[in-house]
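Inspection log for the structure reproduced underneath, given as structure tokens.
The values are calculated or read from the model by the stated rules, or taken from the named source; none is laboratory data. Quick caveat, the model's predicted, so the values are computed rather than measured. Methodologically, a virtual Cβ is constructed for each residue, glycine included, from the backbone with ideal geometry; neighbour enumeration extends over all protein chains shown. All accessible areas refer to the heavy atoms of the entire protein, side chains included, with ligands and DNA or RNA removed. Shrake-Rupley method; radii C 1.70, N 1.55, O 1.52, S 1.80 Å.
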Amino acid sequence: MLEGTAGSLLFAQAGSMALTEEILWALLRVIVVILFVLVFVPPVIWWERRLLGWMQDRIGPNRAGPFGLLQPIADGIKLFFKEDITPSKIDRFVYFTAPAIALLPAFVLGATVPWGPNRLLTPVADVDIGVLWILAISSLGVYGVTLGGWAGNNKYSLLGGLRSSAQMISYELAMGVAIYSVALPTGSLRLTDMVSRQHDPLWGVVEWAQNWFVFTPYGFVACVIFLICMVAETNRAPFDLPEAESELVAGFHTEYSSMKFAVFFMGEYAVMAVFGGIFTTLFLGGWSPLPLNWDHLASSADASGMGWLAATLAFIGSSKIAGLWFLAKIVGILTFYIWLRATLPRLRYDQLMNLGWKALLPIAALNFVIVAIWMLYGWIAFFGSAAVVTLAYFYVVVLILKPRASAKRSELKLVDVRPDTAKTIEIG
Amino acid sequence: MSSQLVVFSAMSIVAVLSAVGVIVSRNAVRAALALVVNFIVLGVLYFTMNLELLGISQVLVYTGLIMMLFLFCILLLNLGAPQMLEETSGLKRYVAVLLSLVLIVLVLTQVLGPVAFSGAPGSESALAGIPTAPDGYGTAKSVGTEIFTNWIYALEICSVLLLLGIVGSILLAKRRG
């Protein structure tokens, strides 16, 4: 914009102009993130309700507006006009702060997500320690849930809050290790570096495809673990134990009504959307629409004399519409979330803990070790160590632990406590 | 006043206030919350010094995990009336006052000492004696390189210590019955 006149300006003036422009851009980016978080939530709620309705073979909300599109707005207005009940004997300060804390991580995480390659959509803060930042901030969000559960002075809420904190600690570790096993081949913790690394040729050899981490063996394992942990961290079904309506009467937000409940609700969906963005960044190649190397394809189309195809390909891969592709991927991940909710029943608490500590964490750690071996010694060592680990796992779990566990189960006896008729009944 | 100084003063005021809140608050949950705020603000202070890795480790480890466990225990134990937690012993109180005075004097001599001998804070003469950090100091890369080359034995000893702690706690938890 200023390029034509920049030459005639004094250097100092040009410098200050550039600075004000920088600040303006930074402000714009902040506004984009805030708008995304605020505006994206109602359509997600609509999509969830419609999709759930469809998956459960019912109609879903279809009265307010075309396809029920205005339903979230109607819900919002309803929540505004509901009576705002504040229970007695509560810790007022904590009670009122908790919903705000629950909403915080969506904004703070959104500031580091690279939404696109152009000036408007680059992260507000492209921090050197991107993935650590994600782990740290996502673990702060659970304070809102835990404190909200405590402040309401309600036993069920407290149980919900306690469950939430235990769940967060259990899944945070596996999530961290899963992230590190893709940060290691990137050689950087910065999110933009991770995206550009995924735009390299696939496996280093396939020129026309992109090396999305989900297509690499180690990345796939990390991706599955991260996905599970992500669902657990956002307290979504099947990990929604903190608000299990069938056992805890809505858990941590039982005592919240009106807008305070709405803020909790919004926080959950906003964090879901932002986590979708993080997942896209880490494993799905960021803003690239398909795992294809657009520039390479365009140049080869150009070489074979198909100019229109080259132009189309270059447009698809260009930075102008990259943000849209990113958004589309987030919507895809949110759809997956909803699909999970419609499909899987809620886990029992001990199943949740077993899954986190005994399955996800060891697998993530082994994956991390295998990645390190691959980086040091190459592909042969990678497949060799992967084979050794798989065989060892099979040997230990399937051949030793499973028979032992089932043997223990068959040893269980029902003992009749009445002394005169003492007898034992074998099970199994 | 430089922008860095503004951020620093704002953050340190919050840090001191929250630290006071930790010891003044009668309610265990509120005290824990004040500690959480304190840890986060400390992390931000590290950020202002370009020590990003240290700052984020502070937030991740202390507020994210340790304080969460603290809070978990406090909520789980449901500590009774705040009066039960009050210290009644007079002698303990005197000793505590004395020890904290000693600590304050120690800190003040360290902080004010260099200032007193080399001029006002921020002035040329005061800054002259302070060594500046080399480029890239405190980034993930430099810290990682240092830890895994020069300090590898210390790291290994630390990890063995932590492992011992984990094994010990599992033993203690499993011993009943």
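A simple spin-label model places the labels of B:ALA173 and A:GLU207 5.5 nm from each other, with each point 7 Å out along Cα-to-Cβ.
Only helices enter this figure: runs of n ≥ 4 DSSP H residues, each worth -39500 (n - 2.57), summed and divided by the residues of chain A, yield -21500 deg cm²/dmol at 222 nm to the nearest 500.
Measuring only protein heavy atoms, the 1.4 Å probe finds B:ILE170 accessible over about 90 Å². For chain A, the relative contact order comes to 18 percent (Cα pairs under 8 Å, sequence separation of at least 6).
Dipole of chain A computed with +1 at Lys/Arg Cβ and -1 at Asp/Glu Cβ about the Cα centre; of A:PHE226, A:LEU121, A:LEU248, farthest Cα towards the positive end is A:LEU248.
Report, in whole Å, the centroid distance computed from the Cα atoms of region A:213-253 and region A:339-360. Each part's Cα centre sits 8 Å from the other's. Of all complete DSSP H helices in chain A, those with a Cα span along the helix axis of 20 Å or greater and a mean Kyte-Doolittle hydropathy of 1.0 or more are A:11-55, A:92-110, A:130-151, A:217-233, A:258-283, A:322-343, A:361-377, A:379-393.
Taking all protein chains together, A:MET259, A:MET353, B:MET67, B:MET49 sort by accessible area into B:MET49, A:MET259, A:MET353, B:MET67, largest first [probe 1.4 Å]. With protein chains left intact and a 1.4 Å probe, residues in region A:73-377 average 39 Å² of accessible area per residue. Comparing mean-square fluctuations of A:SER157, A:SER165, A:SER300 from a GNM of chain A with C-alpha springs under 10 Å, the top value falls on A:SER300. A simple spin-label model places the labels of A:LEU324 and A:TRP339 2.3 nm from each other, with each point 7 Å out along Cα-to-Cβ.
Which percent of the accessible area of the protein assembly as shown is formed by carbon and sulfur heavy atoms (probe 1.4 angstrom)? Ligands and nucleic acids excluded, carbon and sulfur give 72 percent. Springs join every pair of Cα atoms under 10 Å in this Gaussian network model of chain A, and among A:LEU391, A:LEU140, A:LEU344 the largest mean-square fluctuation is at A:LEU391.
Grab the other residues whose beta carbon is less than 14 angstrom from that of A:VAL142, score K and R as +1, D and E as -1, and report the net.
On the way: positive: A:ARG163, A:ARG236; negative: A:GLU172, A:GLU233, A:ASP240, A:GLU243, A:GLU268.
With Lys, Arg at +1 and Asp, Glu at -1, the net is -3.
Summing both sides, the accessible surface hidden between B and A at a 1.4 Å probe radius is close to 2200 Å². Shielding of A:132-142 by partners, i.e. mean partner chain Cβ atoms within 10 Å per residue? So the per-residue partner count for this stretch is 5.
Placing a pseudo-label 7 Å from each Cα along the Cα-to-Cβ vector at A:ASN354 and B:GLN4 gives an inter-label distance of 5.5 nm.
Answer rounded, prolate or oblate for region A:19-136, using the Cα gyration tensor with square roots of eigenvalues a ≥ b ≥ c: rounded when a/c is under 1.5, else prolate when a/b is larger than b/c, else oblate. Judged from the Cα gyration tensor, region A:19-136 comes out oblate (a/c at least 1.5, b/c at or above a/b).
Rounded, prolate or oblate: which one fits region A:56-193, using the alpha carbon gyration tensor with axes a ≥ b ≥ c (rounded when a/c is under 1.5, else prolate when a/b beats b/c, else oblate)? It comes out oblate by the Cα gyration axes. The residue among A:ALA314, A:THR186, A:LEU327 whose Cα reaches farthest toward the positive pole of the charge dipole of chain A, with charges on the beta-carbon of Lys, Arg, Asp and Glu, is A:LEU327. When only alpha carbons are used to place a centre, region A:137-197 and region A:85-124 end up 14 Å from one another.
Across region A:347-352, computed HN-Hα scalar couplings (Karplus, 6.51 cos²θ - 1.76 cosθ + 1.60, θ = phi - 60°) run 6, 7, 4, 6, 5, 4 Hz from first to last residue, x flagging Gly and Pro. Each Lys or Arg adds one and each Asp or Glu takes one away; over the other residues whose Cβ falls under 13 Å from the Cβ of A:ALA262, this sums to 0.
Computed about the Cα centre, the dipole magnitude for chain A is approximately 1120 debye when only Lys and Arg (+1) and Asp and Glu (-1) carry charge, each at its Cβ. Computed from the alpha carbon positions, the gyration tensor of region A:171-325 leads to an equivalent ellipsoid with semi-axes of 39, 19, 11 Å, biggest first.
Could you pull out the pairs from A:LYS329/B:LYS141; A:LYS260/A:LYS329; A:LYS358/A:LYS402; A:LYS358/B:LYS141; A:LYS402/B:LYS174; A:LYS155/B:LYS92 whose alpha carbons sit more than 25 Å apart here?
From A:LYS329/B:LYS141; A:LYS260/A:LYS329; A:LYS358/A:LYS402; A:LYS358/B:LYS141; A:LYS402/B:LYS174; A:LYS155/B:LYS92, over 25 Å: A:LYS329/B:LYS141; A:LYS260/A:LYS329; A:LYS358/B:LYS141; A:LYS155/B:LYS92.
Pair-distance distribution of region A:228-290: all C-alpha pairs, bin width 5 Å, starting at 0; shares per bin in whole percent are 4, 16, 20, 21, 16, 9, 6, 5, 2, 0. Evaluated at q = 0.16, 0.25 Å⁻¹, the base-10 log of the normalised Debye intensity for region A:197-270, with identical point scatterers placed on the Cα atoms, takes the values -0.69, -1.08. With the convex hull drawn around the C-alpha atoms of chain A, the volume per residue stands at 237 Å³. Between the amide H of A:LEU292 and those of A:GLN210, distances stay under 5 Å, these residues lying 5 or more places away or on another chain, with hydrogens modeled in the peptide plane. Using a Gaussian network model on chain A with a 10 Å cutoff between Cα atoms, which of A:ILE316, A:ILE225, A:ILE179 fluctuates the most? Of A:ILE316, A:ILE225, A:ILE179, the Gaussian network model singles out A:ILE316 as fluctuating most.
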